[in-house]
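*Asks:* Here's a structure for you.
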Amino acid sequence: MMPAASLELAVLHAEVRGCTKCSLHATRTQAVPGVGPCPADVMIVGEAPGFNEDRQGEPFVGPAGKLLDTLLSRIGLSRADVYITNVLKCRPPQNRDPMPNEAEACEPYLQRQLKLLQPKVVLILGRHALERLLPGQGSISRIHGSLVMRGDIAYVPLYHPAAALHNGSLVSDLERDFDSVRKYLDRFLAPPPPPEPEPERQEAEQLRLL
């Protein structure tokens, strides 16, 4: 039987695929809700689907997705380990920037995904995702690779892989930032230490030895 959260996420994905809350539904080939396990310790949020994503219905399947796969592999992760989605669930025409009303229409979907997935770490790819998830936090060029806590969730703003494909100098920044992500994951995903033995039991063991 499918766990309740996974079932709710499947229902949410179906809602997204049938969404008509903004004008993007008229120009999309299909909506792109997201993909990955539920719950997920690591969630990745990009900006919007592009040409390939619009055709295939899955996020980050074009050239930027290949770079993302490489960066994940660099820190010992694969797509199967993370949940990937975007702020917008439909491709804007000609890959233009998301409009505020479009992001607002998709906002409830993203918040429901966060609630269902219960991630410990959220990787924010690009300035539009940053503006939506951490408004007023600063520019992506200033805070990329840093750790921002919001409640129980650790957010890490990063350059979008597509930006690195356009500006090769950002690739080294992304690699360094993903190395930092590995350290953050080791910190937040580490198993809890074993419980300390009860003092009475320790004393009883010591008496038994005597």
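*Asks:* I'm told Glu8 meets every condition in (1) in a loop (DSSP other than H, G, I, E, B); (2) farther than 24 Å from Pro100 by Cα except one. Can you identify the failing condition by its number?
*Replies:* Failed condition: (1).
*Asks:* Could you check the range 135-201 for helices (runs of 4 or more DSSP H) lying wholly inside it with 3 or more residues that are under 30 Å from Leu116 (Cα atoms), touching a residue at least 60 places away in the same chain (Cβ under 8 Å) and among the aliphatic types (A, V, I, L, M)? Can you show your working first?
*Replies:* On the way: elements: 140-143, 161-166, 169-188.
The helices (runs of 4 or more DSSP H) meeting that bar are 169-188.
*Asks:* Just checking, does the range 149-159 include any residue being under 14 Å from the mean Cα position of the chain (by Cα), modelled with pLDDT under 95 and buried (at least 18 other Cβ atoms within 10 Å of the Cβ)? Can you show your working first?
*Replies:* Going through the range 149-159, the residues under 14 Å from the mean Cα position of the chain (by Cα) turn out to be 153-159.
So of that shortlist, the ones also modelled with pLDDT under 95 come out as none.
Looking through the range 149-159, none of the residues is under 14 Å from the mean Cα position of the chain (by Cα), modelled with pLDDT under 95 and buried (at least 18 other Cβ atoms within 10 Å of the Cβ).
Residues checked against (1) surrounded by 22 or more Cβ atoms within 10 Å (Cβ to Cβ); (2) touching a helix residue (DSSP H, G or I) at 6+ places or on another chain (Cβ under 6 Å); (3) not hydroxyl-bearing (Ser, Thr, Tyr):
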position	(1), (2), (3)
Pro3	no, no, yes
Ala10	no, no, yes
Cys22	no, yes, yes
Gly34	yes, no, yes
Val42	yes, no, yes
Glu58	no, no, yes
Tyr83	yes, yes, no
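*Asks:* Looking only at the range 114-134, count how many residues are in a loop (DSSP other than H, G, I, E, B) and surrounded by fewer than 20 Cβ atoms within 10 Å (Cβ to Cβ). I'd like the intermediate steps shown before the answer.
*Replies:* In the first step, residues of the range 114-134 are kept if they are in a loop (DSSP other than H, G, I, E, B); the result is 118-120, 126, 134.
Next, only the ones that are surrounded by fewer than 20 Cβ atoms within 10 Å (Cβ to Cβ) stay: 118, 120, 134.
Count: 3.
For (1) more than 16 Å from the chain's Cα centre (by Cα); (2) buried (at least 16 other Cβ atoms within 10 Å of the Cβ); (3) among the polar types (S, T, N, Q), each residue gets a yes or a no:
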residue: Leu77; (1), (2), (3): no, yes, no
residue: Cys90; (1), (2), (3): yes, yes, no
residue: Asn95; (1), (2), (3): yes, no, yes
residue: Pro100; (1), (2), (3): yes, no, no
residue: Glu104; (1), (2), (3): yes, no, no
residue: Arg112; (1), (2), (3): no, yes, no
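*Asks:* For the range 171-185, enumerate the residues that are surrounded by 20 or more Cβ atoms within 10 Å (Cβ to Cβ) and in contact with a helix residue (DSSP H, G or I) (Cβ under 6 Å, 6 or more places away or on another chain).
*Replies:* If the condition is that a residue be surrounded by 20 or more Cβ atoms within 10 Å (Cβ to Cβ) and in contact with a helix residue (DSSP H, G or I) (Cβ under 6 Å, 6 or more places away or on another chain), then Leu174, Phe178 are the ones that fit.
*Asks:* Could you check the range 135-148 and list, in sequence order, the residues that are at positive phi and either surrounded by 16 or more Cβ atoms within 10 Å (Cβ to Cβ) or touching a strand residue (DSSP E or B) at 6+ places or on another chain (Cβ under 9 Å) (or both)?
*Replies:* Gly138, Gly145
The values are calculated or read from the model by the stated rules, or taken from the named source; none is laboratory data. Because the structure is predicted, anything quoted here is derived from the model rather than measured. Here Cβ is always computed from backbone atoms with ideal geometry, including for glycine, and neighbour counts include all displayed protein chains.
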